[in-house]
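Trainee: Input: one structure, supplied below.
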Amino acid sequence: MRIFYVTTPIYYANSLPHLGHLYTTVVADAIARHKRQRGFDAYFLTGTDEHGINIQRAAEKEGRTPQEQVDFIAGELKRMFHDFRLDTENGGYDIFMRTTEPFHYEGVSRLWREIAKNTTPKGNSTIYKGFYEGWFCAPCAAFKLEDEYYTVEGSDIPLCREHERPLDRIAEESYFFRLSDYAEELVRVIEENPERIRPEARRNEVLAFIRQGLQDLSISREKKNVSWGVPVPDDDNHVMYVWLDALSNYITAVGYGNTEKTGFDKYWPEVRHLVGKDILRFHTVYWWSFLMAAGLPLPRLVYAHGMWLDAFGKKMSKTIGNAISIDVLDRHFQLDAVRYFLLRDMVFGQDGKFGYENLIERANGDLAKGLGNLASRTISMIEKYRDGVIPSGKISEPFYLFAKRASLNPDEQEIVSALAHTRDELIRRFDNFEFSQALETVWSLITRIDKMISDSKPWELIKDDNQTETLNAVLYRAVEALRWLSVLLYPVMPEAAQAIYAQTGAAGEVSKINPETLKYGELPAGTAIGERRAVFPLIDKVKIMNEIKEETATENKPAPAPEPPAAIEEPSPAEEENFITIDDFLKVELRVGEIKVAERIPKADKLLRFEIDLGEEKPRQILAGLAQYYEPENLIGRKVVVVANLKPRMMRGYESQGMVCAASLENSDDTPALAAFLEDVKIGARLK
RNA sequence: GAAGAGAUAGUUUAAAGGAAAAACAUCGGUCUCAUAAACCGAAGUUAAAGGUUCGAUUCCUUUUCUCUUCCCCA
């Protein structure tokens with residue numbers, strides 16, 4: 001039996017369901033349904049990632065325990081998935097994975113032990129205990145290198161570039177994963193299996209990132225600081241880094257390292273991870289290294305999809321209020337229309353634009369006026385012209401000429417191969433994750449059938465006894481095409497497909513019909529068609545848009561500030577502590593230096609390059625953003641205050657080995673002034 | 001400022017060293033089985049400039065613009 005395993009990311013249990021969750025899950029759902037329809041033993045995983053400092057904080061803020069917090073979010077997601085018929089009950093996911101479940105603890109502990117037991121490709125220990133000192137971004141759940149944060153003037157606490165939120169200073173014992181030993185191996189594996197990371201542009205980004213060199217990864221936190229996590233095996237003082245914990249869900253869910261679940265050997269080698277482009281790095285660099293370290297097979301595919309932007313191509317955000325609301329989608333639109341839009345309008349792998357208007361236009365243009373109307377006119381004609389019974393599609397030779405006269409090809413081979421071609425294309429595109437193109441192909445078939453009807457004009461054929469067989473053939477071909485269409489489209493629009501399938505009079509469930517084995521003519525003549533009803537009612541765009549506007553207006557106005565239980569807000573860093581101790585101050589080594597060399601840096605309008613004598617062996621090179629305020633020549637010989645123990649940093653290709661102190665106001669328009677002394681001071685003197 | 005990606009019709013997308021395509025939108029027409037549907041027809045596109053070539057929209061160079069990442073008081 002053919003095996004297939006598809007995963008969405010497990011969603012972090014600190015925010016309420018949003019379009020991103022819905023999107024990835026719908027895609028995975030469509031893939032899973034398609035594979036199952038084709039007889040694959042397909043396993044579909046989604047769920048929640050429930051550990052880490054963020055959960056702890058979110059829980060505290062809401063006055064809940066962490067467990068209550070994750071139960072709440074997992075419950076909300078499940079409810080949303082149920083509303084959108086993505087849950088097990090409705091033929092969707094097979095498991096809603098939760099990382100707080102005991103079997104996951106078992107599995108991930110086993111993974112840790114397996115990794116620890118092995119050595120890296122370079123023969124070193126994979127995991128070692130060290131001391132971590134650095135900045136950690138809780139929302140990212142990631143340690144930040146110095147190029148990943150910045151500091152605003154007047155503050156010591158750097159902000160995460162991504163979240164623009166204060167980072168946490170972490171200084172504690174930590175276990176490290178020797179990621180640095182895996183860079184060459186990763187590059188080799190990716191180059192040998194380029195098809196395993198898609199799309200190509202994203203794969204190149206990953207390769208570039210690896211080639212920059214990898215740093216060892218801290219994979220634990222001290223329990224006294226972060227308690228909400230999986231304990232590190234044999235060390236009760238530590239819990240695992242949330243990404244190690246989270247990523248491993250994909251294997252523990254199918255029974256790795258535990259006996260509660262099963263299927264690891266069967267499913268794991270066939271896994272395809274769908275991820276947002278923002279977390280591709282974790283799912284390739286980190287995850288693959290962990291897997292290699294544990295001696296496990298790598299995923300068959302990690303596919304990074306794009307993000308939904310608003311109708312104007314801007315990022316959606318709650319604060320701007322341009323986010324698409326799941327509730328609005330649920331209340332105002334057919335689920336199948338939403339699914340169709342999500343799969344049709346975003347080219348998988350690129351960013352897409354989502355506006356309610358776009359959705360309505362798609363639903364009306366493609367679904368109501370396209371597929372829906374074709375179904376309606378076909379069924380209606382069979383009712384009217386043939387008393388609701390499907391006629392034979394065969395034209396006997398004496399009537400060939402009449403068929404031709406009615407612009408209908410008497411030979412049905414043409415339509416048979418059109419159907420087969422559409423089916424083959426759909427399968428090929430689906431297997432290749434090209435949903436948008438898959439649907440385009442199907443719609444060109446719809447157009448073709450519509451045209452066949454318009455060209456042969458059944459309403460005229462009915463008036464001519466010599467055209468009985470021609471009319472029969474038109475009706476048969478149309479209804480048979482409809483049956484095929486419903487089978488092909490089932491994964492994208494399960495309910496509508498079943499409805500159309502039933503209207504053609506075909507027996508059974510469309511979900512069980514394998515498109516690969518569809519045969520033209522399987523719908524027997526003499527079958528009574530089902531009851532006709534509109535599958536995709538036309539949407540009154542103006543009316544719906546007005547309703548949506550009114551609702552969102554009333555929703556936003558009276559209760560503007562807090563969205564009830566959601567959203568983590570950071571405690572404002574300012575009010576926490578305004579004082580530092582003398583020890584804190586003495587960490588900063590301020591020294592007097594004399595400027596020996598001062599010059600501009602070509603093509604940098606703000607930067608000056610200094611060489612400053614601090615009484616050390618040789619002068620230091622220090623860069624400062626003073627070019628707009630000082631002429632370099634005037635500065636030579638001046639004594640300045642230098643932060644001497646600042647970590648060196650590259651700027652514009654030069655290393656800056658310290659910082660020159662200058663007075664400046666918050667507003668950077670004001671001219672800064674270099675700190676100086678009235679008395680004579682010795683070079684190298686420390687300020688304290 | 002650096003690196004990478006990109007720029008195709010009003011819009012969203014496709015294809016390609018040898019006549020650039022589809023859908024939606026627009027305009028004109030036909031028709032009535034159907035959800036004021038459908039069908040036919042029209043108009044409209046390779047960002048700009050150079051170069052290689054028999055031929056370039058495709059390859060190369062430059063420019064402009066967009067996006068991403070990084071960066072200019074450490």
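The values are calculated or read from the model by the stated rules, or taken from the named source; none is laboratory data. Since this is a predicted model, take the numbers as computed values, not measurements. Every residue, glycine among them, receives a Cβ derived from its backbone with ideal geometry; neighbour counts consider all protein chains shown. The protein model used for the area step is the full one, side chains on, heavy atoms only, and it has no ligands, DNA or RNA in it. Shrake-Rupley method; radii C 1.70, N 1.55, O 1.52, S 1.80 Å.
Trainee: Which of the residues spanning region A:387-428 are of a type in the set (Lys, Arg) and either in contact with a His (Cβ under 6 Å, 6 or more places away or on another chain) or surrounded by fewer than 18 Cβ atoms within 10 Å (Cβ to Cβ) (or both)?
Mentor: Initially, region A:387-428 is screened for residues of a type in the set (Lys, Arg), giving A:394, A:404-405, A:423, A:428.
Scanning region A:387-428 gives A:LYS394, A:LYS404, A:ARG405, A:ARG428.
Here is a yes/no grid of residues against (1) at pLDDT 85 or above; (2) surrounded by fewer than 19 Cβ atoms within 10 Å (Cβ to Cβ); (3) in contact with an Asp or Glu (Cβ under 7 Å, 6 or more places away or on another chain):
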| position | (1), (2), (3) |
| --- | --- |
| A:GLU153 | no, yes, yes |
| A:GLU162 | no, yes, no |
| A:GLU172 | no, yes, yes |
| A:LEU179 | yes, no, yes |
| A:ARG188 | yes, yes, no |
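Trainee: While we're looking at this one, here's another question. Go through region A:306-330 and give me each residue that's open to solvent by 10 Å² or more (accessible area, probe 1.4 Å) and touching a residue at least 60 places away in the same chain (Cβ under 8 Å).
Mentor: Of everything in region A:306-330, those that are open to solvent by 10 Å² or more (accessible area, probe 1.4 Å) and touching a residue at least 60 places away in the same chain (Cβ under 8 Å) turn out to be A:MET307, A:TRP308, A:MET316, A:LYS318, A:GLY321, A:ALA323, A:ILE324, A:SER325, A:ILE326, A:ASP330.
Trainee: Return yes or no: is A:ASP235 open to solvent by 20 Å² or more (accessible area, probe 1.4 Å) and closer than 24 Å to A:ARG178 by Cα?
Mentor: no
Trainee: Given the condition over 24 Å from A:GLN37 (Cα atoms), surrounded by fewer than 20 Cβ atoms within 10 Å (Cβ to Cβ) and near RNA strand B (Cβ under 10 Å from one of its atoms), answer yes or no: does some residue in region A:429-440 qualify? Even if it seems obvious, please write down each step before you answer.
Mentor: Applying the first criterion (over 24 Å from A:GLN37 (Cα atoms)) to region A:429-440 yields none.
For region A:429-440, residues over 24 Å from A:GLN37 (Cα atoms), surrounded by fewer than 20 Cβ atoms within 10 Å (Cβ to Cβ) and near RNA strand B (Cβ under 10 Å from one of its atoms): absent.
Trainee: Please go through region A:473-507 and give me each residue that is farther than 21 Å from A:ARG38 by Cβ and crowded, with 22+ Cβ neighbours inside 10 Å, ordered by number.
Mentor: Listed by number, the residues that qualify are A:ALA473, A:VAL474, A:LEU475, A:TYR476, A:ARG477, A:ALA478, A:VAL479, A:GLN503.
Trainee: Going through region A:593-637 one residue at a time, which ones are modelled with pLDDT of 70 or more and within 10 Å of RNA strand B (Cβ to nearest atom)? Before you say what the answer is, go through the steps one by one.
Mentor: Taking region A:593-637 as the starting set, the residues that turn out to be modelled with pLDDT of 70 or more are A:593-600, A:607-626, A:630-637.
Hits for region A:593-637 are A:LEU607, A:LEU608, A:ARG609, A:PHE610, A:GLN621, A:ILE622, A:LEU623, A:ALA624, A:GLY625, A:LEU626.
Trainee: Name the residues in region A:74-102 that are aliphatic (A, V, I, L, M) and in a helix (DSSP H, G or I), would you?
Mentor: Filtering region A:74-102 for residues aliphatic (A, V, I, L, M) gives A:74, A:77, A:80, A:86, A:95, A:97.
Across region A:74-102, the qualifying residues are A:ALA74, A:LEU77, A:MET80.
Trainee: Now a separate question. So the check is Cβ under 8 Å with 6+ separation or different chains; which pairs have a first residue in region A:253-272 that's without any contact (Cβ under 8 Å) to a residue 24 or more places away in the chain and a second one that's aliphatic (A, V, I, L, M) and in a loop (DSSP other than H, G, I, E, B)?
Mentor: So the pair list comes out as A:THR262/A:VAL254; A:PHE264/A:VAL254.
Trainee: If you don't mind, another one. Checking A:VAL26 against (1) in contact with a strand residue (DSSP E or B) (Cβ under 6 Å, 6 or more places away or on another chain); (2) assigned to a helix (DSSP H, G or I): exactly one of these is not met. Which one?
Mentor: Single failed check for A:VAL26: (1).
Trainee: How many of the residues in region A:340-355 are modelled with pLDDT of 90 or more and open to solvent by 10 Å² or more (accessible area, probe 1.4 Å)? Step through it out loud before you land on a result.
Mentor: First, the residues of region A:340-355 that are modelled with pLDDT of 90 or more: A:340-344.
Next, only the ones that are open to solvent by 10 Å² or more (accessible area, probe 1.4 Å) stay: A:344.
The total comes to 1.
Trainee: To continue, here is another question. If I ask for residues that are outside any strand (DSSP E or B), among the acidic types (Asp, Glu) and over 19 Å from A:MET80 (Cβ atoms), which ones from region A:32-61 would you list? Don't jump to the end; show me each part of the working.
Mentor: Filtering region A:32-61 down to residues outside any strand (DSSP E or B) leaves A:32-40, A:50-61.
With among the acidic types (Asp, Glu) added as a condition, the list becomes A:50, A:60.
Hit for region A:32-61 is A:GLU60, nothing else.
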